[in-house]
1. Output the residues belonging to segment B:15-39 that are open to solvent by 30 Å² or more (accessible area, probe 1.4 Å) and within 8 Å of the ligand (Cβ to nearest atom).
2. When segment B:303-322 is examined, which residues are found to be without any contact (Cβ under 8 Å) to a residue 40 or more places away in the chain, more than 23 Å from residue B:409 (Cα to Cα) and open to solvent by 60 Å² or more (accessible area, probe 1.4 Å)?
3. Every residue in segment B:21-65 that is hydrophobic (A, V, I, L, M, F, W, C) and more than 15 Å from residue B:479 (Cα to Cα), please.
4. Hey, among B:143, B:179, B:173, B:119, which residue is closer than 30 Å to residue B:89 by Cα and within 16 Å of the ligand (Cβ to nearest atom)?
5. Of the residues that sit in segment B:181-217 and are of a type in the set (Val, Ile, Thr) and not in a helix (DSSP H, G or I), which one is farthest from residue B:357 (Cα to Cα)?
6. Of the residues that sit in segment B:159-179 and are open to solvent by 10 Å² or more (accessible area, probe 1.4 Å) and farther than 18 Å from residue B:371 by Cα, which one is nearest to the chain's Cα centre (by Cα)?
7. Restricting to segment B:381-426, name every residue that is more than 22 Å from residue A:49 (Cβ to Cβ) and assigned to a loop (DSSP other than H, G, I, E, B).
Amino acid sequence: MADYKDIQKNITPYDDKTYGTMIPGPFQRFLRTCKIWQFIRFIIINLKMLAVVSKSHH
Amino acid sequence: MARIVVLGAGVSGHTAATFAKHWLGDKHEVVVVSPNSKWNWIPSNIWVGVGEMSPEDVVFELAPVYKKAGIDFKQAKAVSIHPEGKEGSDRPFVTVEYTDPNKKGETEEVEYDYLINATGPKLNFAATPGLGPDEGNSLSVCTYLHAAEANTHFQNAIERMKKGEKVKFLIGTGHGMCTCQGAAFEYIFNIEHELREAGVRDKAEIKWISNEQFLGDFGVAGLHIKWGGHIVSSKVLAESLFAERGVDWITGAHVKEVQKGKLQYELLDGTEGEETFDFAMLIPPFSGVGLKAYDKAGNDITDKVFMPNGFMKVDADYTPKPFEEWKASDWPKYYQNPDYANMFAVGIAFAPPHPISKPAKSVNGTPITPAPPRTGMPSGIIGKTVARTVCDVIEGKYSLEEVKEKGHHASMAEMGAACVASTGKSIWNGSAVALTVYPVVPDYDRFPGTGRDPEYTFGEIGLAGHWIKHILHYMFMWKAQLKPGWTLIPE
Ligand SMILES: Cc1cc2nc3c(=O)[nH]c(=O)nc-3n(C[C@H](O)[C@H](O)[C@H](O)COP(=O)(O)OP(=O)(O)OC[C@H]3O[C@@H](n4cnc5c(N)ncnc54)[C@H](O)[C@@H]3O)c2cc1C
């Protein structure tokens, strides 16, 4: 798992781009590729997308 | 027997033609006119552009599919529309020029009762001097052949980096009036992912250049989603991803000229700049494909049927208005031409009433505003909706004059879109941004502030999005080939 030290290297003090945003930490990054969590998200995202599809046909 | 002629066999036209034939059966004729022999699942061109798929993976031959379906396919390009017919005949027709190698250059007049124009965009590289693969200065992923060419350059770049060379990648939009930022966004993050996989990320400088006023505008005025107990703008989310992956960006840029290894641009604040690059993939602006229209006497009525940008006029409110006065109701619902009721335009081919993003000009007066995107899902839904309406008219459920009261409607202001933007193709460590937005065109009256319904507008990054993107590829290739159960796959 990447650590914060590695993650914060892309931030430059007072840079109006990188200093003003949020960068995901190690746990967030882990969740993005965690197979079990992503399988759950897969089901949820599919259901949400189907809901949007069904709202779009008139 | 009625005849529907569909111009274009892309996402919108193919959907319209196949559903119309499915609903009408052999009692009526469906003719498709399209210049390419192959159908292309365009979203996967991104993966062709980084060598993760081959061009053959993203296309199939149209002729056998149409033969099986009973659709008459003419491999030809439409040149002109004659909605009043010609002297001696009231039957409207389209003039087509064959691109089929067996009949190349031959022309034909194809008569129609109902016309569905689904000709999509012309890739208008000529709008920016030096832009595009033909000029040889920048690359594109808009067609599978362009994407394959981009991949050849990409693989060369990786080889150079493996030998220790530094390579600079510049990805984005090649003009102030471009749309389709999403495709460039997907490409830049697939490049970034592939370079990491190849172990050469440290040798690459990767930079984004785009006409968006802010990162994450995407031509839809950005969007807001619920995230960790907050309502967060796509600006923050996009900047987060760029910063996380070490990708720099320039926004509000109109690319003025592209030369070998460098380009010149103008920013909203009027400053001019130059960027050098080893590898540039820049999306061109889109226009209509350049169809002409003539009245019965042969007079040119192109201006009556099409907007100056070449897209066909439909039932939108085209009155020029300032951004503050834009309404959801300006957007077309039935896609019917106001002058010729039997003519419809779907997908990218219809003229939108105005951009979705707030218009902006540089201090020098150069317009720098993303044009409105009409992505795959709206294009598919609109194609199917119009096909349903035309079939209803053919079946006598209502007349063409009654379409606006009784027809099926699909306004982009009452329709959502699901978008999955790949940020790295790998079954186990790939990822994608999975987004839904509802409605596509913000309705600030219904949803004050953000213009969108927070229940149906969401997004997240992860492996699940990659799985969905991958499954969509196979699902839509299956559906477009009319394989068993194709009608059950939603568009
Ligand atoms: C690289 C890339 C990636 C994309 N990724 C996504 C994505 O992930 N998700 C998404 O929702 N959307 C995506 N899009 C957008 C999506 O591809 C378009 O929204 C969709 O293709 C539009 O459908 P269409 O039918 O209007 O146009 P097209 O699909 O472009 O079809 C137009 C058709 O008209 C034909 N034609 C052209 N000229 C003529 C003529 N004179 N006569 C007859 N036929 C003609 C063309 O050959 C083609 O068959 C992407 C676009 C690009 C370029």
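The values are calculated or read from the model by the stated rules, or taken from the named source; none is laboratory data. Here the structure is a predicted model, which means the values were calculated and not measured. All Cβ positions, even for glycine, are placed from backbone atoms using ideal geometry, and neighbour counts span all protein chains on display. Remember, those area values only see protein heavy atoms, side chains included, never the ligands or the DNA or RNA. Shrake-Rupley method; radii C 1.70, N 1.55, O 1.52, S 1.80 Å.
1. From segment B:15-39, those open to solvent by 30 Å² or more (accessible area, probe 1.4 Å) are B:22-23, B:26-29, B:35-38; that's our starting set.
B:35, B:36 - these are the residues of segment B:15-39 that are open to solvent by 30 Å² or more (accessible area, probe 1.4 Å) and within 8 Å of the ligand (Cβ to nearest atom).
2. Across segment B:303-322, the qualifying residues are B:303, B:304, B:308, B:320, B:322.
3. B:23, B:24, B:30, B:31, B:32, B:33, B:46, B:47, B:48, B:50, B:53, B:63
4. One residue alone meets the criteria, B:119.
5. Within segment B:181-217, the subset of a type in the set (Val, Ile, Thr) is B:188, B:191, B:200, B:206, B:209.
With the extra rule that they be not in a helix (DSSP H, G or I), the set shrinks to B:200, B:206, B:209.
Details: B:200: 37, B:206: 26, B:209: 17 Å.
The qualifying residue farthest from residue B:357 (Cα to Cα) is B:200.
6. Only one residue tops the list, namely B:168.
7. Residues satisfying the conditions are B:395, B:396, B:397, B:398, B:399, B:407.
Let's see how each residue does on (1) more than 8 Å from every other protein chain (Cβ to nearest Cβ); (2) modelled with pLDDT of 85 or more; (3) within 30 Å of residue B:387 (Cβ to Cβ):
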residue: A:14; (1), (2), (3): yes, yes, no
residue: A:27; (1), (2), (3): yes, yes, no
residue: A:33; (1), (2), (3): no, yes, no
residue: A:57; (1), (2), (3): no, no, yes
